[in-house]
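Notes to accompany the following structure.
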Amino acid sequence: MANLKEIRNRINSVTSTMQITSAMKMVSAAKLKRAQDAVTQMRPYAEKLQEILVSLSATLDLSENSFSNQREVKNVLLVGITSNRGLCGGFNNNIIKKVSLLSEAEKNKNNQVKVLCLGKKIKDVIKKGDLLYSNDAIKDIEDIFSDLTFENTAKIAEHLMSIFKSEEFDQVILVYNRFVNAATQSVEQEQFLPILPPDETISSSGDYLFEPSKTEIVEDLIPKSLKIQLFKSLLDSHAAEHGARMTAMHKATDNADELNKELKLSYNKARQAAITNEILEIVGGAEALNA
């Protein structure tokens with residue numbers, strides 16, 4: 001059994017760790033509320049915009065649109081979205097694993113693959129290999145989570161549209177954590193470009209007069225819809241990160257509390273054993289003197 005000093009040091013160490021994890025949990029809970037409000041407010045707008053776009057494009061031939069051009073896939077860009085910091089359970093590892101699996105699958109099809117990293121955690125892993133994609137046009141805003149705004153997101157979306165339009169890449173896929181609730185995040189894989197054709201079963205409802213024409217409206221909505229899609233993915237990931245960190249810190253605090261209780265029990269047992277030994281030594285010494 002460890003001596004009393006060692007156990008006391010461990011108790012102090014665990015108590016300090018528990019205070020840190022408890023504080024981090026409270027900070028993440030406060031940030032989660034703001035991030036959750038942002039994504040829940042964005043979703044209805046993004047969904048309605050997508051609904052309008054699908055409804056309009058259902059009656060149009062979008063094959064000539066540069067962002068709907070279904071080319072033969074040879075070059076694929078994966079946009080991996082993680083956080084800048086750790087201590088959030090498997091939040092980042094789940095994305096890194098998904099990106100690795102997708103890249104391997106594309107390589108097996110003899111396709112060229114690159115990864116655009118939005119978030120420091122995935123970049124720290126990808127930069128060790130040959131998958132990292134970087135461009136001077138977005139180098140200053142790749143660390144998007146230090147200043148997550150629609151303006152910065154729009155610049156990244158515009159760059160993605162530009163490299164797709166120039167045929168540098170034939171397909172762009174988003175990989176991110178979708179926020180479900182504070183304890184649950186789901187890894188999502190969404191095709192960003194080219195735009196998937198609308199479901200043939202969907203038809204334009206209602207009898208409307210369009211000014212300007214349907215085609216012009218769709219041409220204007222597509223870039224806006226793509227920017228909103230990327231922004232929503234980033235907001236989802238941001239909220240999911242704080243939810244994952246809050247849950248991880250809650251579990252860490254509970255584990256530290258349990259460990260503290262076990263250490264205190266061990267300390268009391270060791271202390272009791274030490275006192276008993278001292279009493280036995282005193283009694284033994286007294287008996288020896290009386291003998």
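The values are calculated or read from the model by the stated rules, or taken from the named source; none is laboratory data. Nothing here was measured: the structure is a model prediction, and the numbers come from that model. Every residue, glycine among them, receives a Cβ derived from its backbone with ideal geometry; neighbour counts consider all protein chains shown.
Miscellaneous remarks
- Pairs, first small (Gly, Ala, Ser) in the range 273-285, second modelled with pLDDT under 85, C-beta under 8 Å, six or more apart: Ala273/Met1
- Filter result for Leu62 (under 18 Å from Ser146 (Cα atoms), modelled with pLDDT under 95 and part of a loop (DSSP other than H, G, I, E, B)): no
- Exclusive hit being in a helix (DSSP H, G or I), at pLDDT 95 or above and out of contact with any Cys (no Cβ under 7 Å at 6 or more places or on another chain), set Lys107, Lys98: Lys98
- Test: Leu235 is crowded, with 19+ Cβ neighbours inside 10 Å and under 30 Å from Ala23 (Cβ atoms): yes
- Scan the range 106-118 for residues that are touching a residue at least 40 places away in the same chain (Cβ under 8 Å) and touching a helix residue (DSSP H, G or I) at 6+ places or on another chain (Cβ under 7 Å) and the total you get is 1.
- Test: residue in the range 81-95 that is more than 15 Å from Asn177 (Cβ to Cβ), crowded, with 18+ Cβ neighbours inside 10 Å and in contact (Cβ under 8 Å) with a residue 40 or more places away in the chain: no
- The selection criterion, being surrounded by 13 or more Cβ atoms within 10 Å (Cβ to Cβ), within 28 Å of Ser103 (Cα to Cα), touching a residue at least 24 places away in the same chain (Cβ under 8 Å) and touching a strand residue (DSSP E or B) at 6+ places or on another chain (Cβ under 7 Å), holds for Leu78.
- Residues that are under 16 Å from the mean Cα position of the chain (by Cα), without any contact (Cβ under 8 Å) to a residue 40 or more places away in the chain and over 17 Å from Val172 (Cβ atoms) within the range 124-152 comprise Asp124, Val125, Asp147, listed in sequence order.
- Count - residues of the range 147-182 that are under 30 Å from Thr247 (Cα atoms) and hydrophobic (A, V, I, L, M, F, W, C): 8
- Residue, nearest to Val76 (Cα to Cα), within the range 126-145, restricted to residues that are of a type in the set (D, E, K, R), part of a loop (DSSP other than H, G, I, E, B) and modelled with pLDDT of 80 or more: Asp130
- Qualifying residue in the range 203-219 (condition: modelled with pLDDT of 90 or more and either within 25 Å of Val172 (Cα to Cα) or buried (at least 19 other Cβ atoms within 10 Å of the Cβ) (or both)): no
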